[in-house]
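Laboratory data are not the source of any read-out in this text; all were calculated from the coordinates shown. Computed from a predicted structure; not experimentally measured. Cβ atoms come from the backbone with ideal geometry, glycine included; neighbour counts cover every protein chain shown.
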Amino acid sequence: MSINRRNFLKKSTIAVGLPLVGCAPQVSNTETALYSKIDQGDTILFQGDSITDSSREKEKELPNNPNSMGKGYAFLAASKLLKTLPKEDLTIYNRGISGNKVNQLSDRWDKDALELKPDWISILIGVNDYWHMLHSDYDGTIEIYENDYRKLLQRTKKALPDVKLIICQPFAIPGTSAVDESWVEPFGKYQAVAKKLAAEFNAFWVPFQEVFDKAMSDAPASYWIPDGVHPSISGSQLMADAWVKTLESI
């Protein structure tokens, strides 16, 4: 950098009353205290379907890596935690895979969950268990969803007795390109099962449907979630905020 360039930057900084060094924002003790249940060295795993996947790379699958975390709520939530808790040395993975139903989670659960030995597992699953019955040859039922999900959680707690579970509410917004009003009653049963299992396994609950429903008073569905299933950038931030808020309220 030339001397003139340095002098210009120095004068500009002084002119606006900012110090040359030490101006990075600090994390307050109050903010850090919101995450009292997270311990130093914890490993956090995000699991689910395309909403969690969000175009992540699937070769290296590195923790705390922007490419491996994808472009959605998991990346945004992880960014918040890593920024707020730099001293906790957290390890955060995203292993969501587009198109997954509960049975497909189960098929890859050893490699993509149990072998990572996470201290926290966040699961968002259910929309494909219903959606694929409408537009593919998947012959699923609400009973299959509940039984498969319960077995997955039982298997998880048996292998990792101390793991903390976060169960996210599957969601769908009618009046969009992929979701209409006919979804509301049958898909509501899948949402009820997820909430029931969260209570049964003492998991933390993230109410995504309610969050999106409330957001509709500020902007239409096309702004938050154009097809009714996959969130936009703003919808992903909405989800990340709700997910993080759940941990803050523990």
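Place a point 7 Å from the Cα of D107 along the Cα-to-Cβ direction; which residues of the stretch 49-69 have their backbone N under 15 Å from it?
49-50
If we sort 189-201, 121-133, 90-102 on the protection proxy, mean other Cβ atoms within 10 Å, highest first, what's the order?
Final packing ranking: 121-133, 90-102, 189-201.
When the Karplus curve 6.51 cos²θ - 1.76 cosθ + 1.60 is applied with θ = phi - 60°, which whole-Hz ³J(HN,Hα) does each residue of the stretch 172-178 get, with x for Gly and Pro?
7, 10, x, x, 10, 5, 10
Give me W243, W183 sorted ascending by neighbouring Cβ count inside 10 Å, so fewest comes first.
Exposure proxy ranking, most exposed first: W183, W243.
Once you have the Cα-Cα distance between K71 and K151, take 0.36 nm times their residue separation minus that, and quote the gain in nm to one decimal.
25.8 nm
Between D213 and K58, take the C-beta separation as r, use R0 = 35 Å, and let me know the FRET efficiency to the nearest 0.05. If you can, show how the numbers build up before the last one.
Working: r = 32 Å, r/R0 = 0.92.
E between D213 and K58, to the nearest 0.05, is 0.60.
Restricting to lysines 8 or more places apart or on different chains, can you count the pairs in the stretch 158-250 with Cα atoms under 21 Å from each other?
10
Extension gain Q40-V184, at 0.36 nm per residue separation less the Cα-Cα distance, in nm?
47.7 nm
Sticking with the crude label model, points 7 Å out along Cα→Cβ, report the distance from S232 to K87 in nm, one decimal please.
Label at S232, label at K87, 4.0 nm between them.
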